[in-house]
Amino acid sequence: MRKPKTIARSAIIILTNLLKLILSTFILRENHNTGMAKEKQKTKKEKLFTEKGRDEAHEAWTASVREFEEQKAKMDSGKKPGGEKEGCVGEGKKDPVHQVAPQKPSAAKPLEKPVNSVMNCCAEGLAVAMRLGETEVATKIVLDHISQVLDAIVDREVRRGVRDPDTLVNLALEATPRVTLNVLTRRLDDDGNHSLHYAVYVEDYEMVSFMVSEARRADKFAEFVTRANDRGQTALDFAVCCTKDPRIPDYVKTLLGEATEILVMTWIFTCCVMILFSIPTVSSTFLLENEMSFSVVFTIHGCWWLFKTVLRAI
């Protein structure tokens, strides 16, 4: 039979180990959620959970962008903020006694990038990865999300009784453009900013190029580049404040110009097709009202049907 001291000592050891296990589990859980917890705490501190707080943050962002553009314009034009002019006393001959010694040109102070509080405090995984400069992680998040959505679509069709592999593959291929656009333009914060906004804001050129290539592959380039947030801001509105990578502003301008041209040409083509498709009806009405023969009307419709067939084949 064990002595009471031995039993007490064993009980203490067991309780200590149990306490260590509970404490280690708690610490691991806290370490796992540290990043998200800090972001949420930061968001709560800045009152970004409320619409009023987000409006105030947007106003501060707009004001800082305006000031940034003014300072950048002054630096580009070579003007000094104080408007002081360098020179010596009087004109003509310089006074050798009071002559001002030439000063060394001081290095220009780098412009501070305007801070968007909403985007800096976003705890979404994709946004955090891009802010930390983890382009590979952000790329993997986008591709995994697209794959998960496509797998869910295929699984849903399988549950409905679709078993043919070719049919499932065709369904996935048909859904890929729509799914890709939805994933790339998914809302990452309460202002409606999506992945392109964040990639341009953090000046991740590789991430911007990757998402543009994915949008082109899905034939959704124009819709993706021109998609604005809830405040009507496109990626170009965030590109004007780039201070690290000078390639991004020109690249985004080129992308937006190309996308706008595509949308305009699509709109013109749609209008032309609608007008052309309305010609048979108008012509038939005109001919019948003027008591033209049925053979003439039939010939016009036949020629129009042949034209549409050729147009679709092209």
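The values are calculated or read from the model by the stated rules, or taken from the named source; none is laboratory data. Here the structure is a predicted model, which is why all the values come from computation and not from measurement. Because the Cβ atoms are built from the backbone with ideal geometry, glycine has one as well, and the counts that use them run over all protein chains shown. For accessibility, only protein heavy atoms count, side chains too; no ligands or nucleic acids. Shrake-Rupley method; radii C 1.70, N 1.55, O 1.52, S 1.80 Å.
Counted as qualifying within the range 107-164 are the helices (runs of 4 or more DSSP H) with 1 or more residues that are within 20 Å of the chain's Cα centre (by Cα) and of a type in the set (S, T, Y), namely 117-120, 135-159.
Results for (1) loosely packed, with under 14 Cβ neighbours inside 10 Å; (2) touching a residue at least 12 places away in the same chain (Cβ under 8 Å); (3) among the small types (G, A, S); (4) closer than 24 Å to E223 by Cα, shown as yes or no for each residue.
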site	(1), (2), (3), (4)
A123	no, yes, yes, no
M130	no, yes, no, yes
T135	no, yes, no, yes
R160	yes, no, no, no
T167	yes, no, no, no
A172	no, yes, yes, yes
T185	no, yes, no, yes
D191	no, yes, no, yes
H197	no, yes, no, yes
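Residues in the range 201-253 that are open to solvent by 20 Å² or more (accessible area, probe 1.4 Å), in contact with a Phe, Trp or Tyr (Cβ under 8 Å, 6 or more places away or on another chain) and closer than 13 Å to T185 by Cβ: there are none.
The residue of the range 238-254 that is nearest to the chain's Cα centre (by Cα), among those that are within 20 Å of L126 (Cβ to Cβ), in contact (Cβ under 8 Å) with a residue 40 or more places away in the chain and in a helix (DSSP H, G or I), is F238.
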